[in-house]
Amino acid sequence: MSRNQKVLAAVVAVLVVVACLAAVWVFVLHGGDAIRWRSDFHIDRLEELSELVTLRVQVSDVLCAEADGVRAAFLVAGDAVISVDMGLAQVAIRDDAARTATLLLPAPTVLNARVDHRRTLTYDVRRRLFTSSRAESRVRDAAMARAQGLIEVAAGSKENIGRARSNAEKTLRLLFKRLGWDVEIAWQGAGRSR
């Protein structure tokens, strides 16, 4: 080993020892108290969270279309994102001294639904005799537009909205707990959840 390599190894060893001693000092001797957590986020500024995405769902279905002498079947695949619009959220009840609050949230809604064209397949296309290829294209285009709506409706099922609600409640409780607040969640048009 050359002299430069020995010096470099010694410097690295010293740095590792210093880092270990600093970690022991912070976490063992001071019980982690040397770290002061601070947040400038204020509970009244919920709208700054914008859309709180709480669930992504995968959707698959069969879609049949028929027009202008063309009959087609498609295996449609896609996904959707369900979110809570935090711009509409309100702090309904608040106790600064106890650091407790009740948040009033709008119901989760489908924010974005999309057809995944890589996974969507044309299962079957049948044309009557003398039917133009343009008619087939029109049926395919109309089917893909309908598939978009089909994915949005399937994603917005009662079960998925319930899962999105549950995820929003868990996420917001954890967020505010880390900020030192104990929050209850109430949904507009529904009851409270604790």
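The values are calculated or read from the model by the stated rules, or taken from the named source; none is laboratory data. Computed from a prediction, not measured in an experiment: that's the story for all the values here. Neighbour counts run over all protein chains shown; Cβ positions are idealised from the backbone, glycine included. These accessible areas exclude ligands, DNA and RNA; they are computed on the full protein's heavy atoms, side chains included. Shrake-Rupley method; radii C 1.70, N 1.55, O 1.52, S 1.80 Å.
For the subset of the stretch 143-158 comprising residues that are buried (at least 17 other Cβ atoms within 10 Å of the Cβ) and aliphatic (A, V, I, L, M), which member is nearest to Asp68 (Cα to Cα)?
Ala143
For every residue, the table says whether it meets (1) closer than 30 Å to Asp68 by Cα; (2) of a type in the set (Ser, Thr, Tyr); (3) over 24 Å from the mean Cα position of the chain (by Cα); (4) modelled with pLDDT of 95 or more.
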position	(1), (2), (3), (4)
Ala92	no, no, yes, no
Pro108	no, no, no, yes
Asp116	yes, no, no, no
Arg127	yes, no, yes, no
Phe130	yes, no, yes, no
Arg138	yes, no, yes, no
Asp141	yes, no, yes, no
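Checking the condition of a type in the set (Val, Ile, Thr) and in contact with a helix residue (DSSP H, G or I) (Cβ under 6 Å, 6 or more places away or on another chain), which residue from Val115, Val81, Val139 passes?
None of the other options fit; the residue is Val115.
Considering the stretch 121-137 alone, what residues qualify as being open to solvent by 60 Å² or more (accessible area, probe 1.4 Å) and either touching a Gly at 6+ places or on another chain (Cβ under 7 Å) or under 30 Å from Lys177 (Cα atoms) (or both)?
Arg127, Arg128, listed by residue number.
Using beta carbons and a limit of 9 Å, which pairs, at least six apart or on different chains, have the first residue in the stretch 159-170 and open to solvent by 60 Å² or more (accessible area, probe 1.4 Å) and the second one of a type in the set (Val, Ile, Thr)?
Taking only residues 6 or more apart or on different chains, the pairs are Arg163/Thr54; Arg163/Val57; Arg163/Ile82; Arg165/Thr54; Arg165/Val84; Arg165/Ile185; Lys170/Thr54.
Residues checked against (1) closer than 26 Å to Ala155 by Cβ; (2) open to solvent by less than 20 Å² (accessible area, probe 1.4 Å):
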{"site": "Gly69", "(1), (2)": "no, yes"}
{"site": "Gly78", "(1), (2)": "yes, yes"}
{"site": "Gly87", "(1), (2)": "yes, no"}
{"site": "Val91", "(1), (2)": "no, no"}
{"site": "Thr102", "(1), (2)": "no, yes"}
{"site": "Arg119", "(1), (2)": "yes, no"}
